[in-house]
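*Asks:* Okay, here's the structure, questions in a sec.
Please treat every number below as a calculation from the coordinates, not as lab data. Please read these numbers as outputs of a predicted model, since none were measured by experiment. No Cβ is skipped: glycine too gets one built from the backbone with ideal geometry, and neighbour counts run over all protein chains shown.
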Amino acid sequence: MPDDDSWYWCFTHDRPEHGNVCRAMDRFGPYPSEHAAREWKESRDAREEKWEAEDERWEAWPDDKPDDNP
């Protein structure tokens, strides 16, 4: 068993792997558990939806700058 106690999603094998099994460029992680590694897509999608909603709120915020035109 590798010294690394973390889990990763391996794109080469399309599965979660425990420790540093495959090259870093072929995996996402680290994750705290096998389940978290397996659910990486759902976690990413939820995070991106949240960020997009925050961006929309930010862009809809009124501009508090004074008009440049007198």
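*Asks:* In the stretch 1-47, which GluC sites (Glu not before Pro) fall in coil by DSSP and have 16 or fewer other Cβ atoms within 10 Å?
*Replies:* GLU39
*Asks:* Are there chymotrypsin sites (Phe, Trp or Tyr not before Pro) in the stretch 1-66 that DSSP puts in a loop and that have at most 13 other Cβ atoms within 10 Å, and which ones?
*Replies:* Numbers: sites: TRP7, TYR8, TRP9, PHE11, PHE28, TRP40, TRP51, TRP58; in loops: PHE11.
Passing both the DSSP loop test and the Cβ count: PHE11.
*Asks:* What's the Cα-based Rg to Rh of the stretch 7-60, Rh via Kirkwood? Could the numbers behind the result be given before it?
*Replies:* Values: Rg = 14.2 Å, Rh = 12.2 Å.
My calculation of the ratio gives 1.17.
*Asks:* Another question about this same structure. In degrees, nearest 10, range 0 to 90: what is the angle between the Cα axis of helix 40-60 and the longest Cα principal axis of the chain?
*Replies:* The helix 40-60 is inclined about 10 degrees to the chain.
*Asks:* I've got another one for you. Given the -39500 (n - 2.57) contribution per DSSP H run of 4+ residues, what per-residue ellipticity at 222 nm results for the chain, rounded to the nearest 500 deg cm²/dmol?
*Replies:* -12000 deg cm²/dmol
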